[in-house]
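The values are calculated or read from the model by the stated rules, or taken from the named source; none is laboratory data. Since the structure is predicted, the reported quantities are computational estimates derived from the model, not experimental observations. Note that each Cβ is placed from the backbone with ideal geometry, even for glycine, and that neighbours are counted across all protein chains shown. Heavy atoms of the whole protein, side chains included, go into the accessibility calculation; ligands, DNA and RNA do not. Shrake-Rupley method; radii C 1.70, N 1.55, O 1.52, S 1.80 Å.
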Amino acid sequence: MAKTMADRMKASRARMEKVNGQDFVNQQTKNNGRQQGYPRNYNNQNNRRDNSYVNNRGNRGGNNKYPDKPASAAYNFIRLLNTVIPAEFYNGNLEGVTTDVLNAYCKHVKQEGSHTGYIDLTLTTETPLFIGGPSKQDETTPLEFYGGPNNPTIPGASLKGMVKQIFKIVTASSFRPYQRGSGLGDFEDRHLYFRDFASSINSLKDYYAIRMVGSEKNGRGEEKAATKATPGFIIQTVNNNYFAIPSVSKKMSYTDDYEMQKKKDRPSIDWTDKYVNIHTGKMNSKMSYMRITRPGNFEGQRIPILQDCLDSYADDKNRGTLNLLDKKVGKTGEAAKSYTRCNDVKFVVPCFFTEKDGVVVHFGHGRFYRIAYDLTISDHLPSTLKQHNNGVDLCDSVFGYGDNWAGRLCFSDGHVVGPVRMCQSEYPHPLMGPNPTSFQLYLEQDVDDHVRYNHWGHEDTSLRGYKMYWHQPLAKAKAWTRTQEEKAIKGTRKIRPVDIGVTFTSRIHFNCLSDVELGALLMTLNLDSYSGDDRRTYYKLGMGKSIGFGSIKLESTVTLLDGQERYANLFAGNTWNTGSSTPTNGDFIQAFTQYRDNALGSHLSSYKEMLNDLHRMMDWNIANGPNAAKNWTEGISMMTIKNNKMDDRIKYRSKLDMPKFFIEKWSK
């Protein structure tokens with residue numbers, strides 16, 4: 001189960017004390033994240049500015065080069081509430097699934113008046129759709145749609161994932177980090193890494209400098225920046241324990257050695273009997289490399305590297321340099337024994353590291369390596385939401401709650417009705433993965449001055465919420481193939497999507513749902529009826545959403561099954577008595593909305609703002625309607641580096657506006 005808020009706060013503080021010392025943490029707590037008198041208690045609704053983020057461009061910290069054009073992205077976020085709508089049977093003690101809760105759930109499911117039946121779904125592709133199926137691991141073989149080109153099939157699991165995310169938002173359910181083995185969770189929780197000692201964002205620069213940057217005098221007696229990290233070597237013993245061996249290092253000049261200049265642009269290690277040379281890769285202003293002396297004794301001072309430190313290092317997805325835990329980077333086997341002169345060593349690699357209280361807290365390839373923020377992603381959940389994550393919500397009740405109980409929904413595969421039309425097999429535009437290290441996009445920012453942005457090291461700063469993708473103009477979605485200007489990415493394969501205008505049908509079977517639960521499900525599947533007359537609500541499904549794939553029109557019809565009626569009478573006129581009926585959705589949805597409003601209380605207005613964000617992000621008309629946003633194609637294009645020139649909005653970390661203001665700015 002998720003940790004309580006107190007547990008998280010305690011763990012977070014323990015890690016900060018471990019890395020930075022108790023005095024430093026006490027001072028940070030005293031400051032409470034303030035910069036130059038600026039309040040950082042962003043979760044206090046009285047101090048917070050509805051995330052409209054001061055719409056004037058205002059003062060950019062004295063930097064007149066800051067781009068006027070807003071950040072563009074194919075995605076945005078649905079904000080999080082500070083509360084959760086509990087399951088109908090839940091006692092609200094926020095103690096997880098106790099025996100009493102299990103008994104209450106069983107009683108809830110068996111109650112009189114629950115509903116069993118099915119919902120028929122009709123899904124029509126409005127842009128190309130792609131869901132990859134099993135295939136050979138051969139880059140030259142196109143990746144086919146699940147089921148193959150003659151029988152493209154939407155897996156029930158894909159439909160379940162799509163419906164579940166919308167259901168969680170509609171029902172204001174918990175927002176949890178993934179829990180191994182339980183199948184629960186909405187995001188991957190980990191420590192994010194960064195390196196930034198020349199940033200225009202003062203707080204980020206200071207955050208790194210306090211931990212990594214010291215000073216030393218050069219040959220002329222001038223103070224120069226120097227690393228606080230210790231040079232040395234990492235060893236792995238035959239017992240699979242890791243240690244750091246301290247050594248000494250010396251800065252060497254590339255200008256003094258022509259052969260060394262050839263190695264300037266690529267991360268690498270030169271091994272010799274007396275020392276190793278550390279090359280960290282291309283940087284235009286780089287004039288030096290580091291030389292680490294081979295220790296005379298690898299058996300003396302061994303500083304332990306604990307597993308959580310190794311795991312944290314391995315979690316860094318954007319290192320962009322050598323992975324020191326990759327056995328190909330260091331020496332292994334007999335070569336490691338020979339180099340260290342230790343029979344118990346099976347791997348050795350040079351490094352820089354930081355030690356605290358007798359253990360290594362982080363390490364890296366160069367002297368100014370990437371370090372982890374003290375706080376994890378989950379530490380940035382709103383504090384009240386963390387508490388509710390230990391509860392049971394409507395989504396847990398309906399979709400299942402790990403090993404505690406199974407879901408009461410079953411999603412069948414979607415099959416084509418009518419003609420099958422497939423696109424030609426081609427390479428798609430590069431598909432960009434998530435990059436949560438971009439805190440200006442993934443964290444709430446309630447200032448417009450980039451110098452004072454929140455980052456992952458700040459306490460009292462909240463995650464943006466559920467990540468969703470915008471619908472894209474049809475012309476852009478159709479032009480999904482890689483252009484000549486786009487570089488081929490290793491591992492990319494051709495794909496064959498389903499074309500526009502193909503219809504699939506599927507069915508959701510449900511069992512023993514209450515009026516409230518069925519109403520929540522029906523509202524989730526019929527958002528177009530509640531989004532406003534000027535909107536067309538379409539859903540997003542499958543892969544390639546960032547390049548326009550997966551926009552679908554969804555229609556549904558519910559059928560109830562009455563078991564008692566079915567088995568009381570074998571026939572109904574001249575046909576078998578199925579006990580089925582087709583009700584209207586209204587009564588069930590009203591039961592849900594009434595329960596929802598009562599449960600939310602004073603949070604209802606915030607919920608409606610959140611729901612409006614959801615309607616905006618699912619609105620097909622913004623991209624393709626008669627009054628589509630004027631500059632939408634540019635607005636949903638990813639900021640990139642073209643012709644070796646970085647977009648200024650990346651350089652200066654332009655923040656991502658909330659959906660309402662994002663639409664307004666890209667409509668002008």
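Taken as a whole, the range 362-370 holds at least one residue that is surrounded by 21 or more Cβ atoms within 10 Å (Cβ to Cβ) and touching an Asp or Glu at 6+ places or on another chain (Cβ under 8 Å).
Residues are listed down the side, and each one gets a yes or a no for (1) out of contact with any Lys or Arg (no Cβ under 9 Å at 6 or more places or on another chain); (2) surrounded by 16 or more Cβ atoms within 10 Å (Cβ to Cβ); (3) assigned to a loop (DSSP other than H, G, I, E, B):
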{"residue": "Asp265", "(1), (2), (3)": "no, no, yes"}
{"residue": "Val276", "(1), (2), (3)": "no, yes, no"}
{"residue": "Lys286", "(1), (2), (3)": "no, no, yes"}
{"residue": "Ile292", "(1), (2), (3)": "no, yes, no"}
{"residue": "Glu299", "(1), (2), (3)": "no, no, yes"}
{"residue": "Asn318", "(1), (2), (3)": "no, no, yes"}
{"residue": "Leu322", "(1), (2), (3)": "yes, yes, yes"}
{"residue": "Leu325", "(1), (2), (3)": "yes, yes, yes"}
{"residue": "Lys328", "(1), (2), (3)": "yes, no, yes"}
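Filter the range 330-349 down to the residues that are polar (S, T, N, Q) and either assigned to a loop (DSSP other than H, G, I, E, B) or open to solvent by less than 20 Å² (accessible area, probe 1.4 Å) (or both), then identify the one that is farthest from Gly300 (Cα to Cα). Within the range 330-349, the match that is farthest from Gly300 (Cα to Cα) is Asn343. Scanning the range 207-239 for residues that are more than 20 Å from Phe197 (Cα to Cα) and not β-branched (Val, Ile, Thr) yields Gly219, Arg220, Gly221, Gly232, Phe233, Gln236, Asn239. The condition of being free of Cβ contacts under 8 Å to residues at least 24 places away in the same chain, over 21 Å from Lys263 (Cβ atoms) and within 36 Å of the chain's Cα centre (by Cα) does not hold for Lys356. Scanning the range 387-404 for residues that are surrounded by fewer than 24 Cβ atoms within 10 Å (Cβ to Cβ) and touching a helix residue (DSSP H, G or I) at 6+ places or on another chain (Cβ under 6 Å) yields Gln387, Phe399. Annotation: of all residues in the range 226-243 being in a loop (DSSP other than H, G, I, E, B) and out of contact with any Pro (no Cβ under 8 Å at 6 or more places or on another chain), the one that is least open to solvent (accessible area, probe 1.4 Å) is Ala229.
In summary, Ser397 fulfils each of the numbered conditions (1) in contact with a strand residue (DSSP E or B) (Cβ under 8 Å, 6 or more places away or on another chain); (2) not in a strand (DSSP E or B) with the single exception of condition (1).
Selection over the range 108-121 of residues that are crowded, with 17+ Cβ neighbours inside 10 Å and not in a strand (DSSP E or B) gives a count of 2. Among residues of the range 189-225 being under 25 Å from the mean Cα position of the chain (by Cα) and without any contact (Cβ under 8 Å) to a residue 24 or more places away in the chain, the one that is most open to solvent (accessible area, probe 1.4 Å) is Lys205. Scanning the range 66-107 for residues that are assigned to a helix (DSSP H, G or I) and either open to solvent by 50 Å² or more (accessible area, probe 1.4 Å) or farther than 26 Å from Leu159 by Cα (or both) yields a total of 8. For the range 370-393, a residue qualifies if it is at pLDDT below 90 and assigned to a loop (DSSP other than H, G, I, E, B), and the qualifying residues are Pro382, Asn389, Asn390.
For the range 408-428, the candidate set comprises residues that are touching a helix residue (DSSP H, G or I) at 6+ places or on another chain (Cβ under 9 Å) and either surrounded by fewer than 18 Cβ atoms within 10 Å (Cβ to Cβ) or acidic (Asp, Glu) (or both); within that set, the residue that is nearest to Asp120 (Cα to Cα) is Ser412. Is it the case, given these coordinates, that Val170 is out of contact with any Gly (no Cβ under 6 Å at 6 or more places or on another chain) and either surrounded by 20 or more Cβ atoms within 10 Å (Cβ to Cβ) or under 14 Å from Trp456 (Cβ atoms) (or both)? Yes; evaluated as a whole, the condition is true for this residue. The single residue among Gly333, Gly364 that is within 31 Å of the chain's Cα centre (by Cα), modelled with pLDDT of 90 or more and of a type in the set (Gly, Ala, Ser) turns out to be Gly364.
Ser529 falls short of the stated requirement of being in a strand (DSSP E or B), among the small types (Gly, Ala, Ser) and modelled with pLDDT of 90 or more. Evaluated against (1) buried (at least 20 other Cβ atoms within 10 Å of the Cβ); (2) touching a Ser or Thr at 6+ places or on another chain (Cβ under 7 Å); (3) not in a strand (DSSP E or B), Lys476 falls short on exactly one condition, (1). For the range 426-449, filtering for residues that are of a type in the set (Phe, Trp, Tyr) and more than 17 Å from the chain's Cα centre (by Cα) leaves 1.
Here Met260 clears all of (1) without any contact (Cβ under 8 Å) to a residue 60 or more places away in the chain; (2) closer than 14 Å to Gly366 by Cβ except the condition numbered (2).
Conditions tested, residue by residue: (1) in contact with a strand residue (DSSP E or B) (Cβ under 6 Å, 6 or more places away or on another chain); (2) in contact (Cβ under 8 Å) with a residue 60 or more places away in the chain.
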| position | (1), (2) |
| --- | --- |
| Ile269 | yes, yes |
| Ser288 | yes, no |
| Asn297 | no, no |
| Gly300 | no, no |
| Asp316 | yes, yes |
| Leu324 | yes, yes |
| Phe347 | yes, yes |
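Which numbered condition trips up Pro434, out of (1) at pLDDT below 90; (2) farther than 20 Å from Gly161 by Cβ? Going through (1) at pLDDT below 90; (2) farther than 20 Å from Gly161 by Cβ one by one, Pro434 breaks only (2). The residue that is nearest to Thr537 (Cα to Cα), among those in the range 589-631 that are part of a loop (DSSP other than H, G, I, E, B) and either in contact with a Phe, Trp or Tyr (Cβ under 6 Å, 6 or more places away or on another chain) or not hydrophobic (A, V, I, L, M, F, W, C) (or both), is Trp620.
Residue count for the range 122-140 satisfying the condition of being open to solvent by less than 10 Å² (accessible area, probe 1.4 Å), outside any loop (DSSP other than H, G, I, E, B) and either more than 15 Å from Asn151 (Cα to Cα) or modelled with pLDDT under 95 (or both): 2.
Scanning the range 631-655 for residues that are modelled with pLDDT of 95 or more and not small (Gly, Ala, Ser) gives Asn631, Trp632, Thr633, Glu634, Ile636. Residues that are in a loop (DSSP other than H, G, I, E, B) and either open to solvent by 10 Å² or more (accessible area, probe 1.4 Å) or closer than 16 Å to Tyr469 by Cβ (or both) within the range 429-446 comprise His429, Pro430, Leu431, Met432, Gly433, Pro434, Asn435, Pro436, Thr437, Ser438, Glu444, Asp446, listed in sequence order. The condition (being modelled with pLDDT under 90 and among the aliphatic types (A, V, I, L, M)) is satisfied by just one residue among Ala244, Ala226: Ala226.
Within the group Ser605, Ser637, Ser654, Ser667, which residue is of a type in the set (Ser, Thr, Tyr) and open to solvent by 60 Å² or more (accessible area, probe 1.4 Å)? Being of a type in the set (Ser, Thr, Tyr) and open to solvent by 60 Å² or more (accessible area, probe 1.4 Å) holds for just one of Ser605, Ser637, Ser654, Ser667, which is Ser605.
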